[in-house]
Amino acid sequence: MNTFLRYVGRFDFIALGAVALITLAGLVTMNSFGADNYFFAKQSISLIVSFAVMCVVAFFDARIFRRTSTVISLYTVIIGVLLLLFVVGVAFKGAQSWFTIGGFALQPSEFAKIALILTLSKYFARRHVEIAHIKHIFVSGLYALVLFVLVALQPDFGSAMIIFLIWFGMVLMSGISKKHLFFVFAIGAISFGFLWFYTFEPYQKDRILTFIHPLADIRGAGYNAFQSTVAVGSGELWGKGLGYGTQSRLQFLPEYETDFIFAAFAEEWGYVGVLILFGLFGILLWRLIRHSMNGATNFESFYCLGFAAFMLSHIVVHVGMNMGLLPVTGITMPFMSYGGSHLLAEAIGLGLVFSMSSYEGASHRDYHSREIVGVHENGLS
């Protein structure tokens, strides 16, 4: 009984409650428009599997990721898997981003985001004393750049953008100086220019140009963004009601179950429903920040902040593209959009937070001493 109580005590039931309601909102939205409940059924299975995996991950001791060898091995494996995609990966909608195993599809870029958070958490945790040194921007940026390039070449610009935002968010929270912050923005601008001329596919450029002139081509590149904004606006204050979202039900809004699930939800539930949804995400982010403040060491604190940056990036980009404020990039809404890969990755990430919370507040003075001693070492050691 005591062992069971200690295990249950690992879970943050406030965060879990918020996640449960968010997933329920996604399921209800999917179930509103499909007569055969195809997406609802498959998403339900994915949620059960993901929750089971989260419970298993929460049981393990996350302190294993404090080891340099563990983090480097994980990072190397992720790179190998992303490279393998170019050989045996399956293309879907122009992006070779998937492995198919039996009747299941797996998208490795989702797990690369969690691996990057762990890698950067390890790196910054050992260098917090001298983090203002500009070399740490380059070194940490290199870890992110490798994953960014491999994902962007698939091409999956949406996931590549999230990888950049995770790195950028963690750099901001690591204590970077203002002059170096300006330097980071300059690097970002130069990188975007390079991507525009040498990496972006024509359809990706069209999406960005449509962002600047959203009504210039509503029958072509701007169609999805236009229909999405119509769906969001038509929900008004109270929404049209469950199952009465005409943009989704009449199939004017494409992929309402994945890329545009926020628009489908907003059309049915209106401004009030959207405020409640944002409130649930706010609770989740608040709990993640709270766990970061109570982290046993800098590693746990950075990981929780990095996972919060991961969540926030997905939310902002997804909502932004659904409201016509950002280019359409195919980013899912955390715990809400249809899809097994992103649900599984998010469940693993949250499970690690719960695992770390089990030893919050522990002193670990010896570990802190080794952190300070190791700040002048190179690499991830």
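The values are calculated or read from the model by the stated rules, or taken from the named source; none is laboratory data. Please read all numbers here as calculations on a predicted model, not as lab measurements. Cβ coordinates were reconstructed from backbone atoms using ideal geometry, including for glycine residues, and neighbour counts include every protein chain displayed.
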> Does His314 count as within 30 Å of Pro202 (Cβ to Cβ) and assigned to a helix (DSSP H, G or I)?
Replying inline: yes
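Residue-wise test of (1) at pLDDT 90 or above; (2) in a helix (DSSP H, G or I); (3) of a type in the set (Val, Ile, Thr); (4) exposed (fewer than 15 other Cβ atoms within 10 Å of the Cβ).
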{"position": "Leu147", "(1), (2), (3), (4)": "yes, yes, no, no"}
{"position": "Leu150", "(1), (2), (3), (4)": "yes, yes, no, no"}
{"position": "Pro155", "(1), (2), (3), (4)": "no, no, no, no"}
{"position": "Ile162", "(1), (2), (3), (4)": "yes, yes, yes, no"}
{"position": "Leu165", "(1), (2), (3), (4)": "yes, yes, no, no"}
{"position": "Phe182", "(1), (2), (3), (4)": "no, yes, no, yes"}
{"position": "Ala186", "(1), (2), (3), (4)": "no, yes, no, yes"}
{"position": "Ser191", "(1), (2), (3), (4)": "no, yes, no, no"}
>> Return the residues of the range 294-320 that are closer than 30 Å to Thr229 by Cα, touching a residue at least 24 places away in the same chain (Cβ under 8 Å) and among the β-branched types (Val, Ile, Thr); say none if nothing qualifies.
In response: Ile315, Val317, Val319
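Out of Ser121, Ser177, I need the residue that is buried (at least 21 other Cβ atoms within 10 Å of the Cβ) and hydroxyl-bearing (Ser, Thr, Tyr). Which one?
Step by step, each of Ser121, Ser177 is checked, and only Ser121 is buried (at least 21 other Cβ atoms within 10 Å of the Cβ) and hydroxyl-bearing (Ser, Thr, Tyr).
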>> For a quick check of your reading of the model, give me the residue pairs whose first member lies in the range 192-207 and is under 20 Å from Leu325 (Cβ atoms), whose second is surrounded by 12 or more Cβ atoms within 10 Å (Cβ to Cβ) and of a type in the set (Phe, Trp, Tyr), with beta-carbon atoms closer than 8 Å and at least 6 apart or on different chains.
In response: Phe200/Phe157; Gln204/Phe157; Lys205/Trp196
>> Which of the numbered conditions does Leu27 fail, given that it passes all the others? Conditions: (1) within 24 Å of Pro254 (Cα to Cα); (2) at pLDDT 85 or above; (3) crowded, with 20+ Cβ neighbours inside 10 Å.
In response: (3)
>> Given the criteria outside any loop (DSSP other than H, G, I, E, B), among the hydrophobic types (A, V, I, L, M, F, W, C) and under 27 Å from Tyr143 (Cβ atoms), does Val49 qualify?
In response: no
> Residues in the range 277-290 that are out of contact with any Cys (no Cβ under 7 Å at 6 or more places or on another chain) and either in contact (Cβ under 8 Å) with a residue 12 or more places away in the chain or over 28 Å from Arg10 (Cβ atoms) (or both): how many?
Replying inline: 8
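Sort out which residues of the range 30-55 are touching a Gly at 6+ places or on another chain (Cβ under 6 Å) and either at pLDDT below 95 or aromatic (Phe, Trp, Tyr) (or both), and write them in order of number. Write out each step before concluding.
From the range 30-55, those touching a Gly at 6+ places or on another chain (Cβ under 6 Å) are 32, 46, 54; that's our starting set.
Scanning the range 30-55 gives Ser32, Ser46.
Residue check: is Leu285 closer than 21 Å to Thr29 by Cα, among the hydrophobic types (A, V, I, L, M, F, W, C) and either touching a Leu at 6+ places or on another chain (Cβ under 7 Å) or not in a helix (DSSP H, G or I) (or both)?
Values: closer than 21 Å to Thr29 by Cα: no; among the hydrophobic types (A, V, I, L, M, F, W, C): yes; either touching a Leu at 6+ places or on another chain (Cβ under 7 Å) or not in a helix (DSSP H, G or I) (or both): yes.
No.
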